[in-house]
Structure formats: C-alpha cells, structure tokens
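*Asks:* Below you will find the structure I want to go over with you.
The values are calculated or read from the model by the stated rules, or taken from the named source; none is laboratory data. Quick caveat: nothing in here was measured; it's all calculated off a predicted structure. Virtual Cβ from ideal backbone geometry, glycine too; neighbours counted across all protein chains shown.
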Amino acid sequence: MTATTPAIYFDNNATTQVAPEVVAAMLPYFSEQFGNPSSLHQFGNRVGQAIQHARTQVQALLGAEHDSEIIFTSCGTESDTTAMLSALKVQPERREIITTAVEHPAVLALCQQLAKEGYTVHYLPVDQRGRLDLATYAQLLSERVAVVSVMWANNETGTLFPVERMAELAKAAGVLFHTDAVQAVGKIPLDLKYSAIDMLSLSGHKLHAPKGIGVLYLRRNTRFRPLLRGGHQERGRRAGTENSAAIVALGTACAMALDALEHEQTAVRALRDRLEQGLLAAVPNCFVTGDPDHRLPNTCNIAFEYIEGEAILLLLNKLGIAASSGSACTSGSLEPSHVMRAMGIPYTAAHGTIRFSLSRYNTAEEVERVIEAVPPIVAQLRRLSPYWGETGPIVDPQQAFAPTYA
Amino acid sequence: MWDYSETVQEHFFSPRNAGAVKDANAVGEVGSLSCGDALRLTLKVDPATDTILAAGFQTFGCGSAIASSSALTEIITGMTLDQALQVSNQDIADYLDGLPPEKMHCSVMGREALQAAVANYRGEVWSDNHEEGALVCKCFAVDEKLIENTIRANNLKTVEEVVNYTKAGGGCSACHEGVEEILSRVLGESGHSFAPSAGTTPLPVKAGRPRLTTVERIRRIETVLDSVRPTLQRDHGDIELVDVEGRQVYVKLRGACVGCQMAAVTLDGIQTQISEALGEFVRVIPAEARARHSASAASESHVACA
Ligand SMILES: Cc1ncc(COP(=O)(O)O)c(C=O)c1O
Ligand code: FES
C-alpha cells in the first residue's frame, strides 16, 4: 500500500466501519450516562429511556409490530443460538431441525453439535446458483420438526432465500421459523409484521454499529425459553446488565440504515453492478457465483478460475484493497468454503472465489480502481498456475497436473 | 427504572393527608409487612349523611404505593360511602396520570383498604379475598394466586385461556413461561398434563395476505394514485404507474415532482396508502431507479449519502 492511495474497504459483509454519527451517539454512555438502566435514580433512568428509544429504532427498521419483540443480545451468534435452543426446549418431543447447507457457522456448527446430541438435522441442498428447492423443503415439514432455521441472505454470495414464503409454509405446518438475517438487515427492506417469521437474528457490526451487539426478534406469543437467566433485563428473556452504549449505537445505526435503504437499493447496487460488469469484461475465465437475480445489492462474489483466493487477496491487500475469499470464519481452512462446495462449484474455481461487499461509504472512484487492479493480479497468478497454459486453461486440468506424492 | 408520571412524583414527594385522622370512625387495613406493602386508611365519616369528612393514610410501600394512597384520600374526601365504593383502582391510576403496569397493584391495594374501612364502619367483616402471590405478568399486574385460582375455577387448559380469563400474558407475552409453569402444576395436581400447542402461533388475521389477482392489485394501486393526483397537480407535478413486479411498485414522478425534496416523502406516503389498500406490504420505487439497476452507468451511480 502506497502512502498516496487511500485504502479501499470492500469487505463490508465481514464487518463495517462504525458510522461517525453512531460513535457520537454512543460516547456519552461511557462517560456521563454510565448508570445502570435498572437503577431507580436519575443516572439509571436516563439510560433506561435511551435503551427504550433504541428499541423503537430497531423496531422501525425491522417493521416489527411491537417494540417488546426486540431483545438485545451480545451478537448475531448469540441470537441464533438462543432462537434454536429455545425452540428445542419448548418442544422437547420434537427431535428434528431443518436448515440449509450454506448457513453461517453460527447456525451450522450448532446444528452439528445438536446432531451429536441426538437430533436429526435436515440440511437443505442448493443448486449451482445457490437456490433451494421449496418442494423438498415442504416435504420435510412435519410435527416432528421443532424449528426451521434459514438465513435470509448468504454472507458469501449475497443470495437471498425466499424466507417469507418458507416461513408461511412452516407456519401452516405448525413449525417454528427462525431466520439468520445478519446480512439482510439494513440492506433490504423488511416488514416483519406482515410476515410469518417467528424469530430473526441480526448483528450490529454488519450495519455500521459496533461489534458485540445483536438482536433477537421474537414475535409476540412465540413460546420461548431464555438462554441466559438471571436479572429481569429484556423482560427476563435475556439476563445480563444491558450494554447500553452499544444498544444506543445500534439504535442510531438502525435509524440511519432505514434512511439509507433506498440508497442501498439504487446507488450501492449500481456501484456493485459496475464493479461486477467491469471485472467480468476485463478478466477471462471468471464468473459470478450465487443467484444474481436474487441477491443483496452490495455483494458480488466472483470465481477466478485456476488460481487461489488467498493469493489474490494478498496481492490486492498490497494495493490497499480489502476483500475476502469466502467467509472470514472459513479462512484458515484449506478446503474451499462449504457454500461453494454446496453449489457444486468445481474445485478449480471454488478456490479462487473472491467476495467484494460494498457499503454506502464506498465510491465510484474506488470501484474503478479495483476494476483496474484485479486483471493484472489474476494474470500474474495464472502464469504460475499449473492449470493455465500460454493462452488459456488447460483442457483437462486433472490430466495435465496429476502430481504423484512420494 | 419505573417511568413515573409527574403527578405520581408530585404525590410521592408531597403526599396529601398523610397520617391517621383524628377521631376516625372507620379504619381499613390491607397488606402486610411481609408482602412489602401495607396500607392503613382512616376515615372520619359523618353519621348523618355517610359523607367522608376526612381521610388519612399510613403506608408502608414503594413510591407508587404512597402516591396511590395520597390520591385515594383526595378522591374520596367529600364523597358518600356509596360513592366512594364506586372508585375503582383504574380511577386512582387515572387520577395520577397513569401508573406503570408493574405498579398497578398499588392502586388495587388502595381500593381494598377503602372497602375494608367501609366494612369496619358498617360493622361488617371484610375478608381479603385477594391473597397476593408473586407477580407473574408485569404487563397486567397479575399474580400467581389469581392465575392459579382462575385456572382451577374454570378448568383452564391453555395459555390462551389464561389470557382470556385473567389478562395475564396478553401483553408482551414474556410471562408465558411462568403461566405455562402454573398450568403444568395445577393440571398435574388433577392427573392431567399441560399440552402446549406448537411453539408457533397462528398468524393474526390482518397479517394473512389476501391473494389478489394482478389486475385487482393494479386497479387498487391506480385508485390510490388517482386519489393523490389532485394534490400533486396542484404543485404542478404528476405520478404514473409504470410496473408492478411482486411487491415492487414502480412509478414515474412527473413535472415539479422530479428531484423535488419532497419526492421521497411523497413516495413514502403513497407507499403506505398502497400497502393499506392491498393489505400487503409493497415498496414504491421511482422507475428511474430500476433503469439504473440494469444500466451499469457509473456516472450517475454515486449519490452522496450519510
Ligand atoms: C449470516 C451470518 N450469521 C451470523 C454471523 C455472526 O454474527 P456475530 O459476529 O455478530 O456473532 C455472521 C457474521 O459473521 C453472518 O454473516
Ligand atoms: S408480562 Fe405478561 S404479558 Fe407482558
């Protein structure tokens, strides 16, 4: 990274910068507004009111019917875990779970653990474009199923699942429905009061609030058992003294996200589309993964064939460009991401997938810089690749490069 | 922290009629030290007219217990006993500009003390049929005893029935776990078991999306647009329906509306009206925005935004 070119952050699905307005809103809650919201005195009282205000700001972004449906938690992962375990606890006789093969580890790893504990987990497969088959799903719904957990938007490809339709099917079958909407909230319009969704998870740090604050939306009258018991915070549904500064921050971030939704759908989408078309036009042998027609407006995941993602990221990073290959959580593993494998992306391409995820803080100029930066990087790495010949890919890569190990 | 109204605070900081009335001829006592709430109400009643000449209270209790007692004495002074007996706990709460739901039982205590005092004056025995248990539902201040007794008396079997009979659980629903526990216990005593319905609840009627045909939807959307058109035309603008795609309604703003500061506000308003007319949530989007999605023109792509 040279000193003259400012860094470009295209990794907003991993986390986002905290909006300056959000920082300003939360700061007083570290200093003069330090009270415990449960306290009777004025120190606590004002904090209690600020939390209440934040709750209504979250409610507005989600389109929830009641503000008491908003439960503040410590992160998206806690919300996911609380929702799933609660659904199992209230219906001990139901021993099945339906989820998808492409969930975030927050849901996937929990399901794997539950499978070890004796639950039957159905992982809905996806097709090459990351789409679910609703007929398969409908067939699995039964009175044996305790909960369905399906993400609203995929963190790697941005693919949107038809969760509203799926929730209606679940409701008709009398099955609880949870959605991990961590990537969707703030990027697409939501109106939960008109949906059949019982529980929804969101995480502050994906929408310009700080890390370590999340929300579980719990539709009124949904049977529930808390994960954390203790004090009466959050109406006894999530004990633990409130993270008041972060809650105030999340409220502000939600209000800003609501204001910026239109911008997200138009301007951010246009930036993403320009980036995608620019890269596809400039680089041979690459393609968009996921379902481009049903996708978050900010996300673009491109598979650059015959080269490896981490190498691309390192070279991009040298130019001050931050992107990511698959989920940040899957890095460190040598396997291509579970999402790419679930879509059946060939190994020669799955290893070279790069996710660019934008936010409203990105600019057209940054997009142009990335469009210029990527092609030489890809060309440089392909020159090193055993799967790439003088002018293009080797016809049968398995044949061309079949190393024998000693 | 409880959200006390100004009036509650005022009555707490400067309570009226605190202390016992001299020459009282009616005394009512409710609550007990062990419940953390106790109230002694003393009245001086004119035997000729049965009018309350003076009322005084002594309270052991929280801020709203003191304020409720103070309010009660103010309300009933000058009333006849029969009039005073008509005073409900809601009247006391209203007099105080409302009490937090968690504190409604404080006003209940005031009314009971009054009933006890009147019984005492009339030489009757007042029995406290309101045996207070732990508060289960904070939204409606319903305690365990009441829920338990109501379940027994009416053979209740579900949370929904408990809500209907006692109101407990009819608000935020956070107390449903507690209500389920009481149901399990009471039903268990008679050899039955509590059979909860599935975790998910039926959709409220209004959320059920009517499935209108496309033609019907478009017709309703046009009706809404026709109704707002005169207002727009007065400001030399106009609006036109371009396309309906699932829940996206694309419109074109014309004339003075284009780029006007109010465009977003106008669209929001129209969106609400269309959503209501269709009974489903739709998003109203300027058609230019869609054009921009498909065209990849970078030039117009970035609009400064917070
Ligand atoms: C889809 C999805 N679910 C859950 C999470 C976890 O959220 P958190 O980091 O707040 O626990 C993330 C983010 O990493 C995510 O992308
Ligand atoms: S506490 Fe009972 S409904 Fe809210």
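*Asks:* Exactly one condition in (1) more than 28 Å from A:Ser359 (Cβ to Cβ); (2) in contact with a strand residue (DSSP E or B) (Cβ under 8 Å, 6 or more places away or on another chain); (3) in a helix (DSSP H, G or I) is false for A:Ala167; which is it?
*Replies:* Unmet condition: (1).
*Asks:* Does A:Arg223 qualify as being over 22 Å from A:Arg272 (Cα atoms) and either surrounded by 24 or more Cβ atoms within 10 Å (Cβ to Cβ) or over 24 Å from the mean Cα position of the chain (by Cα) (or both)?
*Replies:* yes
*Asks:* Would you pick out the residues in region A:174-195 that are in a loop (DSSP other than H, G, I, E, B), at the interface with another protein chain (Cβ under 10 Å from one of its Cβ atoms) and buried (at least 24 other Cβ atoms within 10 Å of the Cβ)?
*Replies:* Result: A:Val175, A:Leu190, A:Ser195.
*Asks:* Something else now. Step by step: first the residues of region B:151-181, then only those that are in a loop (DSSP other than H, G, I, E, B), buried (at least 21 other Cβ atoms within 10 Å of the Cβ) and not hydrophobic (A, V, I, L, M, F, W, C), then the one that is farthest from the other protein chains (Cβ to nearest Cβ). Which residue is that?
*Replies:* Only one residue tops the list, namely B:Gly169.
*Asks:* Would you confirm whether or not region B:171-181 contains a residue that is more than 16 Å from ligand 1 (Cβ to nearest atom), within 20 Å of B:Asp37 (Cβ to Cβ) and out of contact with any Gly (no Cβ under 8 Å at 6 or more places or on another chain)?
*Replies:* no
*Asks:* Determine if region A:29-41 includes at least one residue that is more than 14 Å from chain B (Cβ to nearest Cβ) and in contact (Cβ under 8 Å) with a residue 40 or more places away in the chain.
*Replies:* Yes, region A:29-41 contains at least one residue that is more than 14 Å from chain B (Cβ to nearest Cβ) and in contact (Cβ under 8 Å) with a residue 40 or more places away in the chain.
*Asks:* Listed residues A:Gly290, A:Gly231, A:Gly251; which is in contact with a Lys or Arg (Cβ under 8 Å, 6 or more places away or on another chain) and not in a helix (DSSP H, G or I)?
*Replies:* A:Gly290
*Asks:* Return the residues of region A:193-216 that are under 18 Å from the mean Cα position of the chain (by Cα) and more than 14 Å from ligand 1 (Cβ to nearest atom); say none if nothing qualifies.
*Replies:* Answer for region A:193-216, where residues must be under 18 Å from the mean Cα position of the chain (by Cα) and more than 14 Å from ligand 1 (Cβ to nearest atom): just A:Ile197.
*Asks:* How about region B:3-117: which helices (runs of 4 or more DSSP H) wholly inside it have at least 3 residues that are buried (at least 23 other Cβ atoms within 10 Å of the Cβ)?
*Replies:* Because the criterion is at least 3 residues that are buried (at least 23 other Cβ atoms within 10 Å of the Cβ), the helices (runs of 4 or more DSSP H) in region B:3-117 that meet it are B:63-76.
*Asks:* Okay, moving on. Looking only at region A:39-86, count every residue that is closer than 16 Å to A:Arg220 by Cβ and buried (at least 19 other Cβ atoms within 10 Å of the Cβ) and tell me the total.
*Replies:* 11
*Asks:* On to the next question. Identify the single condition in (1) within 14 Å of chain B (Cβ to nearest Cβ); (2) charged (D, E, K, R); (3) in contact (Cβ under 8 Å) with a residue 40 or more places away in the chain that A:Glu93 does not satisfy, given that it satisfies every other one.
*Replies:* (3)
So that you can scan it fast, the table gives a plain yes or no per residue for (1) within 16 Å of ligand 2 (Cβ to nearest atom); (2) modelled with pLDDT of 95 or more; (3) not acidic (Asp, Glu):
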site: A:Pro20; (1), (2), (3): no, yes, yes
site: A:Gln42; (1), (2), (3): no, no, yes
site: A:Ala54; (1), (2), (3): no, yes, yes
site: A:Ile71; (1), (2), (3): yes, yes, yes
site: A:Gly76; (1), (2), (3): no, yes, yes
site: A:Ser79; (1), (2), (3): no, yes, yes
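*Asks:* Just to be sure, is A:Thr266 under 26 Å from B:Ala174 (Cα atoms) and among the hydroxyl-bearing types (Ser, Thr, Tyr)?
*Replies:* No.
*Asks:* Also: Please give the number of the condition A:Glu117 fails out of (1) surrounded by 21 or more Cβ atoms within 10 Å (Cβ to Cβ); (2) more than 28 Å from A:Gly251 (Cβ to Cβ).
*Replies:* If we test A:Glu117 against (1) surrounded by 21 or more Cβ atoms within 10 Å (Cβ to Cβ); (2) more than 28 Å from A:Gly251 (Cβ to Cβ), just (1) comes out false.
*Asks:* Among (1) more than 16 Å from ligand 1 (Cβ to nearest atom); (2) within 14 Å of chain B (Cβ to nearest Cβ); (3) under 28 Å from A:Arg229 (Cβ atoms); (4) touching a strand residue (DSSP E or B) at 6+ places or on another chain (Cβ under 8 Å), there is one condition A:Ile71 misses while meeting the rest; what is its number?
*Replies:* Only one criterion in (1) more than 16 Å from ligand 1 (Cβ to nearest atom); (2) within 14 Å of chain B (Cβ to nearest Cβ); (3) under 28 Å from A:Arg229 (Cβ atoms); (4) touching a strand residue (DSSP E or B) at 6+ places or on another chain (Cβ under 8 Å) is unmet by A:Ile71, namely (1).
*Asks:* Also, quick follow-up: Check A:Ala146 against each of (1) touching a Pro at 6+ places or on another chain (Cβ under 8 Å); (2) in a strand (DSSP E or B) and name the one condition it does not meet.
*Replies:* Failed condition: (1).
*Asks:* Among the listed residues B:Thr272, B:Thr201, identify the single one that is within 14 Å of chain A (Cβ to nearest Cβ), assigned to a loop (DSSP other than H, G, I, E, B) and modelled with pLDDT under 80.
*Replies:* Answer to the check: B:Thr201.
*Asks:* While we're here: Test A:Phe356 against the stated conditions and say whether it is surrounded by fewer than 19 Cβ atoms within 10 Å (Cβ to Cβ), of a type in the set (A, V, I, L, M, F, W, C) and touching a strand residue (DSSP E or B) at 6+ places or on another chain (Cβ under 7 Å).
*Replies:* It is false that A:Phe356 is surrounded by fewer than 19 Cβ atoms within 10 Å (Cβ to Cβ), of a type in the set (A, V, I, L, M, F, W, C) and touching a strand residue (DSSP E or B) at 6+ places or on another chain (Cβ under 7 Å).
*Asks:* Out of the residues in region A:226-255 meeting the condition of being surrounded by fewer than 23 Cβ atoms within 10 Å (Cβ to Cβ) and of a type in the set (A, V, I, L, M), tell me which one is farthest from the other protein chains (Cβ to nearest Cβ).
*Replies:* Once the filter is applied, the top-ranked residue is A:Ala245.
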